[in-house]
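Notes follow once the structure below has been shown.
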Amino acid sequence: MNQYERVAFYTLGCKLNFSETSTIARLFEDGGFAKVDFEDQPDIFVINTCSVTENADKKCKQLVKRAKKISPESMVIILGCYAQLKPEEISRIPGVDLVLGANEKFNVLAHLEKKDDVKVVHDNIKHTHDFIPSHSFGDRTRSFLKVQDGCDYFCTFCTIPLARGKSRNASIAQTLQEAEKIAQTEVKEVVLTGVNIGDFGQGGDENFFGLVQGLDQVEGIERFRISSIEPNLLSDEIIDFCLNKAGRFVPHFHIPLQSGSDQILEKMRRKYKSALFAERVAQIKSSNPDTCIGVDVIVGFPGETDEDFLTTVNFLKDLDISYLHVFTYSERANTGAPKLGAKVPMDTRRERSKILHLLSDRKKRAFYETQIGQKRQVLFEQEENEGFLYGFTENYVKVKTAFNPALINQMVSVELTEIDRDGLMKCNILSNFAS
């Protein structure tokens, strides 16, 4: 291959996609390609797609059009979840040259030399069994470490099992080796990612708790953060270890709820009821009241009545949580949800989303207010924005301070002082380096 060929990458969707894009980018670089920005007229565009919402599908089409405008003679490769779910549809998008499904995306270099007019390489997701360890690279501060892939849950709103296959992972030893690679870089924080990371081990001899214990011993990484974990898989021992015994795991959990109505949870085919969720939150807060808890919620699921939504709002109001990620339900092909109830009008979905976003703002503000006067460790990011530097405390409070290049990618002791008009925390720097 010509070592001067230039390749650009664009990632849609989740942290897991970002970790996989980084791994694929390293394959290209090892193959003699130069990685460049999307706007730098590359010879090859690689677009890693998501298919959680309809918007992600539309965004893919827009990116192909943009790529061809930037570099008309370029080759466009589409991979990821959308490519697995709708390969033929993607192949008909003007400008697309190669479509790779879940089994094929990590063999992209081998497929480049076999290109036809539009080549689709795609296999039934049931044949996808391999787990490819991945981690993101390029951000000095933070890396996303893929510890698990696929899902066995088949929630009625979700296409992920169809796009990524069954739950699977590497061994704890292999995962620790991947973490050790990150530890050799400047990265200070690792975020554990996957589709259903609490299912690590799938009931075998190894489990997620064992992985957490092993990762906590990895030298050279100052923080580990769990991206998201199902409430039924967040055990007392994981909570206790992360909050009371671990040296590197931070007091921050993100837990998907999806609905506060048990009736809707059952239709969604979730594996818990609202009472269990409330119990998990109470357990976390009794163990460490300063723990940040984020929650995923879906509005407008088929059959969600005003009463169901009000139940969700009241449930969330009473929970001691820190912020919400609100998702507006989006109809997806080959899922069971559309058959489970009346379609909620889009205007109603938007209104419900707006209500929960406002509730999230109030929850976040209330949590931040409890942190004023506290001493925390902030890991500052590398970007300067209008004379300020930004970072996060261990318990996920976003902090701003006057730009100082000496603070970039450093763990800094601060005192949290006040919330500014943008809802960010101001601080006093106590030391440039944490002990």
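The values are calculated or read from the model by the stated rules, or taken from the named source; none is laboratory data. In this text the structure is predicted, and so the values were computed from the model without any measurement. Quick reminder, even Gly has a Cβ in these numbers, built from the backbone with ideal geometry, and neighbours come from all protein chains shown.
Determine which member of the set Arg349, Arg332 is buried (at least 16 other Cβ atoms within 10 Å of the Cβ), within 21 Å of the chain's Cα centre (by Cα) and among the basic types (Lys, Arg). Exactly one of Arg349, Arg332 is buried (at least 16 other Cβ atoms within 10 Å of the Cβ), within 21 Å of the chain's Cα centre (by Cα) and among the basic types (Lys, Arg), namely Arg332. Of the residues in the range 299-313, at least one is touching a strand residue (DSSP E or B) at 6+ places or on another chain (Cβ under 9 Å) and assigned to a helix (DSSP H, G or I).
Taken over the range 198-211, the residue count meeting the criterion of being part of a helix (DSSP H, G or I), under 18 Å from the mean Cα position of the chain (by Cα) and not acidic (Asp, Glu) is 2.
Within the range 312-328, the set of residues being over 14 Å from His357 (Cα atoms) and touching a Ser or Thr at 6+ places or on another chain (Cβ under 9 Å) comprises Phe315 only. For the subset of the range 181-197 comprising residues that are in contact (Cβ under 8 Å) with a residue 40 or more places away in the chain and in a helix (DSSP H, G or I), which member is farthest from Thr21 (Cα to Cα)? Among those that are in contact (Cβ under 8 Å) with a residue 40 or more places away in the chain and in a helix (DSSP H, G or I), it is Ile197.
A single entry from Ser259, Ser287 fulfils the requirement of being touching a helix residue (DSSP H, G or I) at 6+ places or on another chain (Cβ under 6 Å), buried (at least 19 other Cβ atoms within 10 Å of the Cβ) and touching a residue at least 12 places away in the same chain (Cβ under 8 Å): Ser259. Looking at Val344, is it surrounded by 17 or more Cβ atoms within 10 Å (Cβ to Cβ) and in contact with an Asp or Glu (Cβ under 7 Å, 6 or more places away or on another chain)? Answer is yes for this residue. Do you know which residues across the range 61-91 are closer than 17 Å to Ser51 by Cα, outside any helix (DSSP H, G or I) and not aliphatic (A, V, I, L, M)? Answer for the range 61-91, where residues must be closer than 17 Å to Ser51 by Cα, outside any helix (DSSP H, G or I) and not aliphatic (A, V, I, L, M): Gly80, Lys86. Of the residues Gly13, Gly101, Gly31, Gly80, the single one that is modelled with pLDDT under 90, in contact with a Leu (Cβ under 9 Å, 6 or more places away or on another chain), surrounded by fewer than 21 Cβ atoms within 10 Å (Cβ to Cβ) and outside the structural domain of Thr156 (by TED's automatic domain parsing) is Gly31. What's the number of the only condition in (1) assigned by TED's automatic domain parsing to the domain that holds Lys69; (2) of a type outside the set (Ser, Thr, Tyr); (3) at pLDDT 90 or above that Lys181 fails to meet? Of (1) assigned by TED's automatic domain parsing to the domain that holds Lys69; (2) of a type outside the set (Ser, Thr, Tyr); (3) at pLDDT 90 or above, only one is false for Lys181: (1).
For the range 217-239, taking the residues that are among the charged types (D, E, K, R) and not in a loop (DSSP other than H, G, I, E, B), the one that is surrounded by the fewest Cβ atoms within 10 Å (Cβ to Cβ) is identified as Asp236. Beta carbons closer than 7 Å, at least 6 apart along the sequence or on distinct chains, pair a first residue in the range 24-50 that is free of Cβ contacts under 8 Å to residues at least 24 places away in the same chain with a second that is surrounded by 14 or more Cβ atoms within 10 Å (Cβ to Cβ) for Glu29/Lys35. Filtering the range 189-216 to residues that are out of contact with any Cys (no Cβ under 9 Å at 6 or more places or on another chain), buried (at least 20 other Cβ atoms within 10 Å of the Cβ) and among the charged types (D, E, K, R) leaves only Glu189.
Selection of the range 253-296 for residues being under 24 Å from Arg349 (Cα atoms) and part of a helix (DSSP H, G or I) yields Asp262, Gln263, Ile264, Leu265, Glu266, Lys267, Met268, Ser274, Phe277.
A quick yes/no check of all residues on (1) surrounded by fewer than 22 Cβ atoms within 10 Å (Cβ to Cβ); (2) touching an Asp or Glu at 6+ places or on another chain (Cβ under 9 Å):
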site: Lys35; (1), (2): yes, yes
site: Pro42; (1), (2): no, yes
site: Lys69; (1), (2): yes, no
site: Pro87; (1), (2): yes, no
site: Arg92; (1), (2): yes, no
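Out of everything in the range 382-409 that is surrounded by fewer than 19 Cβ atoms within 10 Å (Cβ to Cβ) and closer than 24 Å to Ile226 by Cβ, what residue ends up being nearest to the chain's Cα centre (by Cα)? Going through the qualifying residues, I end up with Lys398. Residues that are part of a loop (DSSP other than H, G, I, E, B) and closer than 30 Å to Tyr153 by Cα: does the range 323-330 have at least one? Within the range 323-330 (the criterion being part of a loop (DSSP other than H, G, I, E, B) and closer than 30 Å to Tyr153 by Cα), the answer is yes, since at least one residue qualifies.
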